[in-house]
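Structure, as structure tokens:
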Amino acid sequence: MRPDELPRALQRGLAPLYVIHGDEALLALEAAQHIRDAARQAGYSEREVLTVENAAHFQWSQLQASGATMSLFAELRLLELRIPNGKPGTEGGKALESFASNLPSDILTIITLPKLDKTALNSKWMQALAKAGEVIEAKLIERSALPQWINQRLSLQGQSLADDAMTWLVDRVEGNLLAAHQEIQKLALLHPKGVLTLAELEAAVANVARYDVFNLGEAVLSGDASRVCHMLAGLRAEGESPVLVLWALAEETRTLYKFAQGRSRGVAAAQLTKDLRIWGNKQRFIEAAASRVNAKRLKAALQLARRIDGLIKGIGDGDVWNEFTDLALLLINPGTQRI
């Protein structure tokens, strides 16, 4: 279930168990609060919170005890189990399986976890939880979906943005959904209902974008030169380590080079993405990215990466961040003109 599907599902009735996982903290927090509010309205007046800081040291018997203990003050209780690292361990996994197989009739349980990898999603304990209740995945909001998400939030307060204002806002809150949420709330306080212009937005919104060096490679593969330059400027302003930025760009250079070599040998794209461990959105971008460059351009990019490595180590003259921009543009090839 997506977080935006939860309110309607709660209107149809409460499940005995909800598992919330994902790496978008705001959506996970909101989902948990929606469930708490619905539970409170349904008469769940007691609440107990268990946090698993360290699975090896946590007394998993507490979970069973909480389920077995009769309420002292009310018939219905809300139990929240939080596992911040998403790893309950062997004992915890068995405890979760046992708990899911015999859910208490007077308890509504919320289990919160971070983003789970494939191994955790396919584990016995997760499968048991999914079978017993509802699973809500709080996925990251991709840049392409961010305007729709912002518009949905603004519409609830009777506002919308002009196209140029929306582009401006997305540039500044990309990667920081909590900040986007706060800015949307701020707009409700500062401006009346209606369409907001770019000038009104600029006067109200702070630059809260959180630039993530680990998303830089994906931006390069997407071919959006202006976005990559914007990200590099943001990373520089935030004091990001040039070593990490070089790693991200060099990694994409090597990946593109190997992918292009494989395609020239007739290897299927699906096989190459598997062999090169290209996951997520990069799978969608890699073929188009490879078609924008040739071997000569990729070799030039590798040579430039070596030069930048020297600059970082104090060898040679030049501005590292300007060289990063040149390297990124070599990979993007904005004009799609092969050299």
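The values are calculated or read from the model by the stated rules, or taken from the named source; none is laboratory data. These numbers were taken from a predicted model, which means no experiment stands behind them. Cβ placement follows ideal geometry from the backbone for every residue including glycine, while neighbour counts extend to all protein chains displayed.
For region 64-77, check the following and say yes or no: at least one residue is among the acidic types (D, E), closer than 28 Å to L26 by Cβ and modelled with pLDDT under 95.
Looking through region 64-77, none of the residues is among the acidic types (D, E), closer than 28 Å to L26 by Cβ and modelled with pLDDT under 95.
Taking region 163-204 on its own, how many of its residues are within 24 Å of the chain's Cα centre (by Cα) and part of a loop (DSSP other than H, G, I, E, B)?
The qualifying residues number 3.
Only one residue in A300, A289 is within 19 Å of S226 (Cα to Cα), among the small types (G, A, S), surrounded by 14 or more Cβ atoms within 10 Å (Cβ to Cβ) and at pLDDT 90 or above, so which one is that?
A289
Output the residues belonging to region 84-124 that are within 20 Å of L29 (Cα to Cα) and among the small types (G, A, S).
Correct list: G86 only.
What strands (runs of 3 or more DSSP E) completely inside region 1-89 contain at least 3 residues that are out of contact with any Gly (no Cβ under 6 Å at 6 or more places or on another chain) and without any contact (Cβ under 8 Å) to a residue 40 or more places away in the chain?
Fully inside region 1-89 and qualifying: 46-51, 77-82.
Does L79 count as in contact with a Ser or Thr (Cβ under 8 Å, 6 or more places away or on another chain), farther than 26 Å from I141 by Cα, surrounded by 14 or more Cβ atoms within 10 Å (Cβ to Cβ) and hydrophobic (A, V, I, L, M, F, W, C)?
yes
Filtering region 218-263 down to residues that are of a type outside the set (D, E, K, R) and outside any helix (DSSP H, G or I), which residue is surrounded by the most Cβ atoms within 10 Å (Cβ to Cβ)?
Here the residue is G223.
Does region 184-217 hold any residues that are over 27 Å from F285 (Cα atoms), buried (at least 19 other Cβ atoms within 10 Å of the Cβ) and either out of contact with any helix residue (DSSP H, G or I) (no Cβ under 8 Å at 6 or more places or on another chain) or at pLDDT below 90 (or both), and which are they?
L201, V205, listed by residue number.
Does region 256-271 contain any residue that is within 22 Å of the chain's Cα centre (by Cα), assigned by TED's automatic domain parsing to the domain that holds R292 and of a type outside the set (F, W, Y)?
No: region 256-271 contains no residue that is within 22 Å of the chain's Cα centre (by Cα), assigned by TED's automatic domain parsing to the domain that holds R292 and of a type outside the set (F, W, Y).
May I ask you to list the residues in region 303-336 that are surrounded by 12 or more Cβ atoms within 10 Å (Cβ to Cβ), touching a residue at least 12 places away in the same chain (Cβ under 8 Å) and part of a loop (DSSP other than H, G, I, E, B)?
N333, P334
Hey, could you check region 103-149 for residues that are free of Cβ contacts under 8 Å to residues at least 60 places away in the same chain, of a type in the set (D, E, K, R) and assigned to a loop (DSSP other than H, G, I, E, B) and say which is farthest from N281 (Cα to Cα)?
D106
Does T273 satisfy the condition of being more than 15 Å from A328 (Cβ to Cβ), out of contact with any His (no Cβ under 9 Å at 6 or more places or on another chain), in a helix (DSSP H, G or I) and of a type in the set (S, T, Y)?
yes
Being assigned to a strand (DSSP E or B) and not assigned by TED's automatic domain parsing to the domain that holds I20 narrows it down to one residue among S155, S160; which is it?
Residue meeting the stated conditions: S160.
Could you tell me whether A56 is out of contact with any Phe, Trp or Tyr (no Cβ under 9 Å at 6 or more places or on another chain), among the small types (G, A, S) and within 29 Å of L178 (Cβ to Cβ)?
In short, no.
So that you can scan it fast, the table gives a plain yes or no per residue for (1) among the hydroxyl-bearing types (S, T, Y); (2) within 21 Å of M126 (Cβ to Cβ); (3) not assigned by TED's automatic domain parsing to the domain that holds K118:
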position: Y18; (1), (2), (3): yes, yes, no
position: E24; (1), (2), (3): no, yes, no
position: L27; (1), (2), (3): no, yes, no
position: G43; (1), (2), (3): no, no, no
position: L63; (1), (2), (3): no, yes, no
position: E80; (1), (2), (3): no, yes, no
position: K94; (1), (2), (3): no, yes, no
